[in-house]
Structures are given as C-alpha cells and as structure tokens.
Amino acid sequence: MPDPAAIAKRIHVPSYSEVLQRIKNRYPHNVNAYERERRSLDLVKDVIVGKTEPVMQLRSLLRGLHPFYLRLLSISFDMEQVNRDIECVVKARTVAQRMWQSYRYRLLAAESEGEARAIGREARGRMMSQLKKCSHGLERLREVVKFLAELPGIDVSKQIVIVSGPPNAGKSTFLSSVSRARPEIAPYPFTTKNVIVGHANVDGVEVQVIDTPGLLDRDPSQMNEVELRAVAALQELPGPVLYLVDPTPEAPLSLESQVSLLSRIRAILGGNRRILVVINKVDAVDSNRLNLVESILLKSGITEHMKISALDKESCLEALRAVLKPET
C-alpha cells in the first residue's frame, strides 16, 4: 500500500489567487489584438488545466486510500463536501477546455480587433468564472492535502500490533521503549492526539507498533475526534491488540471502568481479534495494589494477563512476543 503522506507531500493544490496571478504574470503584450487574444485564450486554458492537475492527483489518491486513512479523513472532514469540491474543479477544467475549443474558432472569424477583444474577454470570463466558484473548495482541498501529509505511514501487509487502553496508561512510553518513535509523553490524559506508528525489532522481525489515543468508557456516539481516531485504528487496521491497564490510584479511569472499557473495545473489534491485557506501571505500585488489580480482572473473567513497566524495554518486548504468539 503506497504511503499517502509521501504522495500528499508532492501535491500542491493552488489557491484561486495563485491561478489568477499566474495568468496575470504571463499575459501576452506587444502583439496585435488578434494574436494577443489567441495567446490569452491558450494561456487561460493551459493555466487552469495545468495548475489544477494536483487536484486530479488528490482525487486519485483518495480513491486508492486504505479504509483506515479514509476513516481518519472522515473524522476531520465532510467527505461529501470534499468530493463536491473536487467535482467543481473537474467541471472548471472541462469548461476551460470546451470554451477554448469553441472560442478559438470565433476568434479566427472575428472581423475587427474590437470584436476579437470582446470575444477574448467573454471566453476568459466564462473560464475563470467557473474556477472562481471553486475558490473556497480549493482552500478546503489544501487542508485535506496538509492533513494527509501528516498521516502516519502504515504498511498493512506487514505485522502490526495496536496498543490501546485508557488515557495515561503508558501507551506512548511503551512505544518509545520498543521503537525509534518519540511520541509526546506527559503525566496528563490525552497526550497522544493522533495515531502514531513506531517500528520494533522482535527477534529479527520488524513489527509496526501503533500508539492510539486514550479511550474513555463511553459509547462511540459520545466520543471526540481524538477517541474516534483510536477507534478507527482498532477497527480498520489488522493485527492483535495490547490493552494497557493503569493500576495506579491516580489513574483517570477507575479499575472497574478500565475493565468496562476493555469490554467495549472487544465489542468495537468484533470477530476473533486477539487482545492481551497488560498491567503497566508495576514499578509504581505495591504488591497489595497489584493483587487488587488482578482480583478485579479475574472477577471480570480475564485470566490471561501480563505485568510490565513500560520504562523497561525487555518487558515491553516480551509483551509483544506474547501477543504475536499464535493462540493454541
């Protein structure tokens, strides 16, 4: 699967003013009226078609996007409006080519310089009028390209492990321990606002480790954009899931709420996706607290779990080995 960010970085959608300025800068002078109008007709058509070619590249990119990236886009943008914006530009390109073909014959038949100038003004006006209708759409498409250029590069043909859980459970610390990725880490919820990918070497195999934003125990209809990105990763990306539990008394979610959130995540995933529960921050709590956490998990029917400190690379790698191990 092509990296959409790498493709988007090569796409420059122009603003309407950029197209207009390009035409003004290249407008023909010092020629007779007939030749000036002919050249200006060619110029306007060529600039409109040429400068909007990136929009066609964007359309092609969107049509080939993996469902995960489409979900991320739809969270931040009205995709129906995006498609209308693209179609507006497609129409402007079609109108420019059609007007150019029609008016160049009228220019050839012009009987005076005044008539040639009138024909040229009318042709340019009609071509630019259609593109001007897309001016706001072009600005929106520029934002779409900017968004795409910042997306994480994920290869769905390679091994993926998704790290999920409540806010402040240590997901970003886990990612930093096992990979070269350096997500923002801070002692408050929702530090991670986007999906972040790191690459871990697990016994000679490269594994893409996906750090997802923290989830709260609530229905998807009540989630904010940050949480919806996490849900998109869980539902659209393949691979097993590590669910990190925060055992500390200061955790944003109570232990019971974290167990309830795990049940909600299972429902979000559906099917037979493997989920391994990992109690993190074992270095920050005493044995009594750990016993309490394990008893709550057991009462909820969770018999398989691991205990790690996300600050310890080896224990994090062991968790990756465990979740990647085929179930018997």
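The values are calculated or read from the model by the stated rules, or taken from the named source; none is laboratory data. Keep in mind the model is a prediction, meaning the values are calculated, not measured. Heads up, the Cβs are rebuilt from the backbone with ideal geometry, glycines too, and the neighbour counts pull from every protein chain shown. Just so you know, the surface numbers come from the protein's heavy atoms only, side chains and all, with ligands and any DNA or RNA stripped out. Shrake-Rupley method; radii C 1.70, N 1.55, O 1.52, S 1.80 Å.
Run the accessible area of the chain with a 1.4 Å probe and give the carbon-and-sulfur part as a rounded percent. Here carbon and sulfur together make up 48 percent of the probe-accessible area. Other residues with beta-carbon under 15 Å from the beta-carbon of Leu216 carry, at +1 per Lys or Arg and -1 per Asp or Glu, a net charge of -1. Probing with 1.4 Å while keeping every protein chain in the model, the per residue accessible area of the chain equals 48 Å². Note on Leu290 and Lys313: the model spin-label points, each 7 Å out from Cα along the C-beta direction, lie 2.3 nm apart. One decimal place: the segment Asn201-His12 gains 64.5 nm when fully extended, by the rule 0.36 nm per residue minus the C-alpha distance.
Taking Lys24, Lys313, Lys299 in turn, the Gaussian network model of the chain (Cα-Cα springs below 10 Å) assigns the largest fluctuation to Lys299. Within the chain, the selection of entire DSSP H helices by a Cα span of 24 Å or greater along the long axis and an average Kyte-Doolittle value of at least -1.0 returns 33-51, 79-108. Bridging of Lys132 to aspartates and glutamates at a Cα separation below 14 Å is possible for Glu18, Asp85, Glu87, once same-chain residues fewer than 8 apart are set aside.
With contacts taken as Cα pairs under 8 Å at a separation of at least 6 residues, segment 205-328 carries a relative contact order of 26 percent.
P(r) of the chain in 20 Å steps, Cα pairs, percent per bin? P(r) for the chain, in whole percents per bin: 28, 38, 21, 12, 2. Among beta bridges identified by DSSP and lying wholly in the chain, the antiparallel ones come to about 30 percent.
Once you've got the GNM for the chain with C-alpha springs shorter than 10 Å, pick whichever of Ser157, Ser300, Ser179 has the biggest mean-square fluctuation. Residue with maximal mean-square fluctuation among Ser157, Ser300, Ser179: Ser157. Note on surface exposure: Lys9, Lys91, Lys281 rank Lys9, Lys91, Lys281 by accessible area, highest first, 1.4 Å probe.
Using a Gaussian network model of the chain in which every pair of alpha carbons under 10 angstrom is joined by a spring, one finds that among Ala92, Ala251, Ala267 the greatest mean-square fluctuation is at Ala267.
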